[in-house]
Amino acid sequence: MTGESGSGRSRLLTGFLMLCDPDFREQLLLDRLDPSTVPPELPAPAAANARGLTADQFLWALADHYELETERSEDVYPALAALGEPVPLVVLDADEAGPVRSADEPPKLVRQVLMPLAALDSVRLVVELPRPLAGEMASGLPAGTVQIMDLDDPQWADPEVLLRHADAALSTQFGAPELPFTVDPGIRRALAAAIAHQAGTNALVVQLTVQSVLTAPERFDPTDRERLPTSVASVVDWHAQRLGADPGTLRMLLTPLALAESDGIPVDLWTRLVSAVAGRDMTQAVTSGMLLVGPFVTPVEDPDAASGQRTLLRLAHPAIGEAVRAALPQAHAAQAQIAMALLEAVPDQDWSKADPYIRDHIAGHALGAGLLPQLLTDPGLFVYASPVPLRAAVEAVPSDSLGAPARTYLRTAALLTRNEMSPLGRAALLETAFVEDGLHEYAAAVHRLGFDLPWQTLWSLPVIDISEVTVAELPTAEGGRYPVAVLVVSADTPGAHPVEGPEDSTDVRQRGLLVHDLLRPHVLAAADPAQIVRPTEEERSTASLGLSRGADYVRVWDRTTGDAVATLISDVPVTDTDLSPGGILLVATERGAKALRIPEQTAAIAS
């Protein structure tokens, strides 16, 4: 299903799904409808909305719907094929896929998910797409397996329904005010016919034209029908001219909304962003411009507001944004102005105090401006920004353009998004990831953010092929003992002491012991393995903290209360762990080994 934006393809599919729904069908007089438009009484197809989802998220949502027991994305397709029955699926809003506008997610969804789905013999797929993507999808599938319904094609266009749409929208029966051209059926019908004729096949042009007329009816001449709009862009200019305003001013007011991320821009940020794009104070224009923007803007309540009500402004239809963006002489410059204005609006450059829209979506605007790599140097942003849109924005940047902290974030982002962590949990994982990557100044910056982190990463050693780790002690010259970490590694590891394995071992690899300072980043190459003293079972059992682990996580818990005090999740498999009686956690993964100091009292991380 395709057509120009605003042609009604989403509405048509939504209506189809409603007719497929048994409960909704009972409310309709089906015998009054054209039988060719009524779906048969069969099980309703699954409906999946792609709005805001990445290609991977959409695929896993599909897997969850069909309760597929798969662990890898590539296994979803054979699992669907193995269901052994037709899989009917309707996909809505594929053109609005992705959490970040500039990341260009819709083509990825088509190429990586929808085309492989359509190639399955068992899948019956209906999807609405912009014309270029519809053509690409059809050309990539076998001939005869795809039918394109283009709502702008005369075969599928319905001029009569646009006339009825305009007539109903102008009718007092449906809320229009009493005016000469709304009360008189003949005048109203003639005006509706003129509006529909000028709109061609675009239902949105009909809708916006009527809304413009009813917004300022005193400035409308119903006999001047030749100048009625023919496109979404022309509605914008026509509405401004009717109200005696400069069309450029209206477009300026709409520009931040056309470039907005997610569900819209908070009302209290709109004026700031309009002024930033205009390069001058637009407060008066915004204050007096609500009638001007009225037909094109919809206020909505923020569904993610932490407390109380919060109003967002968004465009009434994505096609309005397309029209405004198409007229921008330099979209990246407007995005840069918006990104800088958002950055300046962060109180004291403290991301914990930033407006949620700024915190979560400044990266999307910076990406559109080509400035994102310069922004990705602040651990506070990494910690406080919602990881889903931030990750999508960072992944859209060429890897060779990213600095070291951004690469660390990108490596960790999968854990942050998969586990829906709080800022505290994100801070903890990023702190240890920075140490792993040798970015100690960034790890220190995370500690300065004010969190009571569940650990401090003392060191990280990038040694592969670690099979076992143990906390231990070495005697000192003064008669005391010094804590060390003992790692079983390959014998050729620099600084390792060769050891003999058990006689019955089938492991033919030569192993060695690497002794490392437990508290500091220092290999003790001169240490004598024969002097290593390991904790006794009594020392371990009487320690205040206990340890448990899984394939990719380690959990430290309070033996007295049974509560978890720290949960470390790893992006690579955990090989071995140990915990000193003093609360030093030693972890080996496929990437290497690291030591984390666990405070006696700390909050649990939700994982």
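Every number in this text was worked out from the coordinates using simple rules, so none of it is lab data. Since the model is a prediction, treat every value here as computed from it, not as a measurement. Reconstructed Cβ throughout: ideal geometry from the backbone, glycine too, with neighbour counts over all protein chains shown.
If eta is 1.306 mPa s and T is 10 °C, what Stokes-Einstein diffusion coefficient results for region 106-170, Kirkwood Rh from Cα pairs, in µm²/s?
Rounded to a whole number, D works out at 115 µm²/s.
What's the Kirkwood radius of region 527-607 in Å, using all Cα pairs? Please report the intermediate quantities before stating the final value.
Values: mean 1/r = 0.0741 Å⁻¹.
13.5 Å is the Kirkwood radius here.
How large is the Rg to Rh ratio of region 1-144 when both quantities use alpha carbon positions and Rh follows Kirkwood?
0.98
Can you give me the pair-distance distribution of region 513-556, C-alpha pairs, 5 Å bins, whole percents?
Reading upward from the zero bin: 5, 15, 17, 15, 25, 19, 5.
If r is the Cβ-Cβ distance from residue 111 to residue 24 and R0 is 51 Å, what FRET efficiency results, to the nearest 0.05?
The calculated FRET efficiency here is 0.90.
Can you tell me the mean projection area, over all orientations, of the convex hull of region 249-289's alpha carbons? Units nm², please. Mind showing how you got there, number by number?
Working: hull surface 10.5 nm².
Its average projected convex-hull area is 2.6 nm².
Using only Cα atoms, find the angle between the long axis of helix 55-65 and the longest principal axis of the chain, and express it within 0 to 90 degrees, rounded to the nearest 10.
90 degrees
Give me the one-decimal nm value for the distance between modelled label points at residue 187 and residue 533, 7 Å along each residue's Cα-to-Cβ direction.
Placing both labels 7 Å along Cα→Cβ, they lie 10.3 nm apart.
What is the P(r) of region 418-546, as percent of Cα-Cα pairs per 5 Å bin from 0?
2, 9, 15, 16, 16, 16, 14, 8, 4, 1, 0
Points 7 angstrom from Cα along the Cβ direction at residue 311 and residue 522: gap in nanometres?
It works out to 6.4 nm between the two label points.
How far, in degrees from 0 to 90, does helix 404-418 lean away from the longest principal axis of the Cα atoms of the chain, to the nearest 10?
Helix 404-418 sits at roughly 80 degrees to that axis.
If each of residue 422 and residue 542 carries a label point 7 Å out from its Cα toward its Cβ, how far apart are those two points in nm?
So the two model labels end up 3.5 nm from each other.
Taking a cut-off of 23 Å, what percent of all Cα-Cα pairs in region 291-441 are separated by more than that?
Everything past 23 Å amounts to 44 percent.
Select one label from (1) 31.0, 106; (2) 53.5, 162; (3) 27.7, 119: the one whose number is Rg and Dmax of the Cα atoms in Å as derived from the coordinates shown.
Computed from the coordinates, Rg and Dmax of the Cα atoms in Å corresponds to (1).
Note the angle between two axes, namely the Cα long axis of helix 159-170 and the longest principal axis of the Cα atoms of the chain, as a number of degrees from 0 to 90, rounded to the nearest 10.
90 degrees
Kindly provide the helix-only [θ] at 222 nm of the chain, computed as the sum of -39,500 (n - 2.57) over DSSP H runs of four or more divided by all residues, to the nearest 500 deg cm²/dmol?
Helix-only estimate at 222 nm: -11000 deg cm²/dmol.
Can you tell me the length gained on complete extension of the stretch residue 280 to residue 160, counting 0.36 nm per residue apart and subtracting the Cα distance?
Going from the current span to full extension adds 38.6 nm.
Around residue 573, what is the net charge, scoring Lys/Arg as +1 and Asp/Glu as -1 over all other residues with Cβ under 10 Å from its Cβ?
Values: positive: 591; negative: 552, 571, 590.
Its environment carries a net charge of -2.
Find the percent of Cα-Cα distances in region 281-374 that exceed 23 Å, and round it to a whole number. Show your work: numbers first, answer last.
Details: 1611 of 4371 pairs.
Looking at region 281-374, the distances longer than 23 Å represent 37 percent of pairs.
Which FRET efficiency value, to the nearest 0.05, do you get for residue 121 and residue 64 by plugging their Cβ-Cβ distance into 1/(1 + (r/R0)^6) with R0 = 25 Å?
It comes out at approximately 0.65.
How far is the Cα center of region 418-441 from the Cα center of region 56-73, in Å?
Using only Cα atoms, the two centres lie 27 Å from each other.
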